[in-house]
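No lab work stands behind these numbers, since they all come straight from the coordinates. All values derive from a computational prediction rather than experimental measurement. We place every Cβ from the backbone using ideal geometry, glycine too, and count neighbours over all the protein chains shown.
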Amino acid sequence: MMDEEILQLLRERPATFLSGEEMSRLLKVSRTAIWKRIRHLRSLGYQIEASTRSGYRLIHSPDLLTPSEVKPLLKTEWMGKVIHYFKSLDSTNSQAYELASQGAEEGEVVIAESQLKGRGRLGRSWFSPPYLTLNLSVILRPLIPPHQAPLITLMAAVATAEAIEKCSGLRPLIKWPNDILLRGRKVAGLLNEIQSETDRIHFVILGIGVNLNIDEKMFPKEIRSIATSLKRERGEAVLRKEFLQHLLKELERWYKILLKEGGDAVLMAWRKRAEIKGRQVKVTSFGETLTGIAVDVDSSGSLILKTENGERKRVVAGDVEYRVKKEV
Ligand code: BTN
């Protein structure tokens, strides 16, 4: 807490020095305590100039996702105004689920610099090395019936793709159900979890993982050929706090569109970015493999497939592999 206060004081006076004495008076702690925290902040990557006569001056801040780094950049009305920040967590989704169960409000977010047991879809794990990715979980409490919850996932995929495009200039593709690809490789994934009763959603946890600054050789061998990062694709590291600013803004915007205009607007944007119609696909779903032509995605997020023998099938969950593109 004191770190945040010290940083705030230093940020308020970017061009001038602030004496240790003044800081200790304002924060009601000893000068030794201030010095210890300054030493700690430097160990986190903050460059703080110290002059025996004049005091301290902040020269450079590291790309951390702490509330004090992120909040001044936020351009949202309500999303991300409360940030639960952790250096490391098992999973931001698990933490957000617990917070939401205890009454955390819509728009509160959980961020961890790394995850020890990051969770992916279908029981898989998610690679989240420290300080190189974005591991975000957003708590939502939408007043929509539970059967419409899949629209929230589609909306989050669209928002994530738009944030990636805004930040990199590259155009990502959404691969059903909600993988975000750049040049055919996965750059981001979504894991949304819901707590509801028959006719009411208690909350939704929107879990978003984005590979921002991971170098290719850092990815575990098993995923190296299918994963990528924004840094790899644009050839330059991304300022993670800046990406988070775009992502929260897009999420807030698309969530508003979903609630005001309904699912059609979201579905239309999803379809545009997914380019799924007419693709020849191979789908693995609950141990079964289906091949055919993708016809569409319905409002529950299910994939509608025309199989080789002309049958129409609705696939609720699974993995999809794209083959050559055909018209239907
Ligand atoms: C997938 O494509 O399999 C989904 C990956 C989702 C990863 C994110 S990272 C933040 C949040 N916390 C988790 O444990 N998982 C999601």
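Here are a few things to note about the model shown:
- Positive minus negative residues near Glu233 (Lys, Arg vs Asp, Glu; Cβ under 10 Å): +4
- Whole-Hz Karplus values for segment 212-219 come out as 8, 10, 7, 7, 3, 5, 7, 5 Hz, taken residue by residue from phi with 6.51 cos²θ - 1.76 cosθ + 1.60 and θ = phi - 60°; glycine and proline positions read x.
- Beta bridges by DSSP in the chain, antiparallel share as percent, to the nearest 5: 90
- To the nearest ten degrees, helix 31-43 and the longest principal axis of the Cα atoms of the chain are 40 degrees apart.
- Top of Glu12, Glu165, Glu250 by mean-square fluctuation, Gaussian network on the chain, Cα under 10 Å: Glu12
- Gyration tensor verdict on the chain (Cα atoms; rounded if a/c is under 1.5, prolate if a/b is larger than b/c, oblate otherwise): prolate
- Cα Rg over Rh - segment 212-280, Kirkwood: 1.10
- Charge context of Leu303, other residues only, Cβ under 9 angstrom, K/R +1, D/E -1: 0
- Counted by Cβ distance under 14 Å from Thr153, the other residues give a net charge of 0, where Lys and Arg count +1 and Asp and Glu count -1.
- Charging the Cβ of each Asp and Glu at -1 and of each Lys and Arg at +1, and nothing else, the dipole of the chain about its Cα centre rounds to 880 debye.
- Segment 202-328: C-alpha gyration tensor shape, a/c 1.5 cut-off, then a/b vs b/c: oblate
- Considering helices alone, the calculated mean residue ellipticity of the chain at 222 nm is -10000 deg cm²/dmol, with DSSP H runs of length four and up weighted by -39500 (n - 2.57) and normalised per residue.
- Among Met155, Ile34, Leu122 the positive-end extreme of the charge dipole of the chain (Cβ point charges): Ile34
- Once the Cα atoms are used to define both axes, helix 263-274 deviates from the longest principal axis of the chain by about 90 degrees.
- Crossing angle, helix 2-12 versus the chain [Cα axis fit, 0-90 degrees, rounded to tens]: 80
- With 27 Å as the limit, the listed pairs Lys36/Lys231; Lys231/Lys313; Lys175/Lys249 have Lys36/Lys231; Lys231/Lys313 beyond it between alpha carbons.
- Prolate/oblate/rounded label for segment 61-188 (Cα gyration tensor, a/c 1.5): rounded
- For segment 234-239, backbone phi angles converted through the Karplus equation (6.51, -1.76, 1.60; θ = phi - 60°) give residue-by-residue couplings of 9, x, 7, 5, 9, 6 Hz, Gly and Pro being listed as x.
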